[in-house]
Amino acid sequence: MADSLHTRPLQAGDEAYLPGLEALNRPEGTAWTPEVWRWRQLHPAGNRSWVGEDEGGVRAHFATCPQRTWMAGEEQFFSQIVEAAQGPDESPLLDGVAEALVETARGLLEATSGLDGDWVTHHVVGGGDLRFQRRVLQHEVVRTPLVLRLDLSDRKPPPSPAAIEECTAFDDQARWLWDRCVGHWGASTIRDESYLSWRYLQHPNTPYTCLGLRDADGILRGLAVYATLPEGRIGHPLAGASGATGVIVDWMVPREEPEVGRALRRAAVRLALDSGARSMVTFFPEWSPWFVTFQEEDWRVHPTDLVHMARSHHPRFDMFWLRGNWWVQLGDTSLL
């Protein structure tokens, strides 16, 4: 097939072939839809999507989502792998992955990755055999994520802080708040007005609630993004043992303001209870003070079957550095 297969950037009209492809490592309930496709085209940093085709049509699709990232004091690009799909009748070459997908992935990554492109490519997979990730994508393990869970079965709603509001639009205060947080992180997706609006206010499938806390002068002091994982998504890697699960997807609170974090955490718990959730889940890097602070409020550490994998193209920033310096939130993944 390699002689007849041609890999190229996706063009208008190719999307008609995409629903017929079968994806690898896609979380339960996150199937490709035309709405998600159109939403991804609106990403403020652009979109990277390639197909592999021969005389029979499109045989594979591989896509990454670029992420403007502040890394070691300057702006770079990371990219998150958001789609790896192949035809249902393709003959497997490696770990169930067909040659068409292997070549399509290599074509896109060779064209976009490196010190003049994406410094880091990454994605979260559901464990299992990782030969495709290791051999083709040349990814290594950053971490096997530990999540924090809170049992809501016997919990009463906490008082709702008066200063909490739902953010239905963002302005330049979002970047100001992120700037106050990023000084403690070696790397982080830049969370500004355009990114937060696209990621959480324009998402076609998942309804997010952006909880903000403002001071007496109307300044945004903290932000927590919440979503409910419905009861029917029990197979999802973030779902609780039963019932719906409340998820804190993103957290932007300066570590010097624990009282802001406490108010937002309680507001999220109240929202989860009002939504009928039986439990809650969130994620912080283990080096973050919030990983400890949440445990002091009865959140408990749980293992997952997830594996966060990446490839760094800069010799100074290996997996050890990324593990200890990269601020990653669930919103940086495709899990929700």
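The values are calculated or read from the model by the stated rules, or taken from the named source; none is laboratory data. Not measured: the values here are computed from a predicted model. Cβ: placed from backbone, ideal geometry, glycine included. Neighbour counts: every protein chain shown.
For ASP318, which of the numbered conditions (1) under 30 Å from PHE132 (Cα atoms); (2) crowded, with 16+ Cβ neighbours inside 10 Å fails to hold?
Going through (1) under 30 Å from PHE132 (Cα atoms); (2) crowded, with 16+ Cβ neighbours inside 10 Å one by one, ASP318 breaks only (2).
Specify the residue that is farthest from the chain's Cα centre (by Cα); the eligible residues are those in segment 1-10 that are at pLDDT 80 or above and either in a helix (DSSP H, G or I) or not hydrophobic (A, V, I, L, M, F, W, C) (or both).
By that ranking, first place goes to SER4.
Take SER188 and tell me if it is in the same structural domain as PRO289 (by TED's automatic domain parsing), polar (S, T, N, Q) and in a loop (DSSP other than H, G, I, E, B).
So SER188 fails the test.
Given the conditions (1) modelled with pLDDT under 85; (2) within 16 Å of THR121 (Cβ to Cβ); (3) acidic (Asp, Glu), report the number of the one that GLU15 does not fulfil.
(2)
Determine, yes or no, whether GLY240 is crowded, with 20+ Cβ neighbours inside 10 Å and over 26 Å from GLU286 (Cβ atoms).
no
Select from segment 138-167 the residues that are surrounded by fewer than 15 Cβ atoms within 10 Å (Cβ to Cβ) and of a type in the set (Gly, Ala, Ser) and write down the one among them that is farthest from PHE291 (Cα to Cα).
ALA162
Cβ-Cβ below 9 Å, separation at least six or inter-chain, first residue in segment 229-243 and on the phi > 0 side of the Ramachandran plot and at pLDDT 85 or above, second part of a loop (DSSP other than H, G, I, E, B) and crowded, with 18+ Cβ neighbours inside 10 Å: which pairs?
GLY243/LEU152
Can you tell me which residues in segment 202-237 are of a type in the set (A, V, I, L, M) and more than 24 Å from PRO285 (Cα to Cα)? Steps first, please.
Start the filter on segment 202-237 by keeping residues that are of a type in the set (A, V, I, L, M), which leaves 211, 213, 216, 219-220, 223-225, 227, 229, 234.
Correct list: ALA216, ILE219, ILE234.
If I ask for residues that are under 18 Å from CYS65 (Cβ atoms) and either touching a helix residue (DSSP H, G or I) at 6+ places or on another chain (Cβ under 7 Å) or in a helix (DSSP H, G or I) (or both), which ones from segment 121-147 would you list?
THR121, VAL125, GLN133, LEU137, HIS139, VAL142
Strands (runs of 3 or more DSSP E) wholly in segment 272-336 with at least 3 residues that are within 15 Å of ASP250 (Cα to Cα) - which ones?
It comes to 277-282.
Each row is one residue, and each column tells you yes or no for (1) free of Cβ contacts under 8 Å to residues at least 40 places away in the same chain; (2) aliphatic (A, V, I, L, M); (3) assigned by TED's automatic domain parsing to the domain that holds GLY261.
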{"position": "PHE283", "(1), (2), (3)": "no, no, yes"}
{"position": "TRP287", "(1), (2), (3)": "yes, no, yes"}
{"position": "TRP290", "(1), (2), (3)": "yes, no, yes"}
{"position": "PHE294", "(1), (2), (3)": "no, no, yes"}
{"position": "TRP299", "(1), (2), (3)": "no, no, yes"}
{"position": "MET309", "(1), (2), (3)": "no, yes, no"}
{"position": "TRP321", "(1), (2), (3)": "no, no, no"}
{"position": "GLY324", "(1), (2), (3)": "no, no, no"}
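Name the one entry in ARG270, ARG278 that is among the basic types (Lys, Arg) and either within 27 Å of THR168 (Cβ to Cβ) or without any contact (Cβ under 8 Å) to a residue 60 or more places away in the chain (or both). Can you show your working first?
Numbers: ARG278 fails: either within 27 Å of THR168 (Cβ to Cβ) or without any contact (Cβ under 8 Å) to a residue 60 or more places away in the chain (or both).
Sole residue among the options that is among the basic types (Lys, Arg) and either within 27 Å of THR168 (Cβ to Cβ) or without any contact (Cβ under 8 Å) to a residue 60 or more places away in the chain (or both): ARG270.
Hey, does segment 23-43 have a residue that's touching a strand residue (DSSP E or B) at 6+ places or on another chain (Cβ under 9 Å) and at pLDDT 90 or above?
Looking through segment 23-43, at least one residue is touching a strand residue (DSSP E or B) at 6+ places or on another chain (Cβ under 9 Å) and at pLDDT 90 or above.
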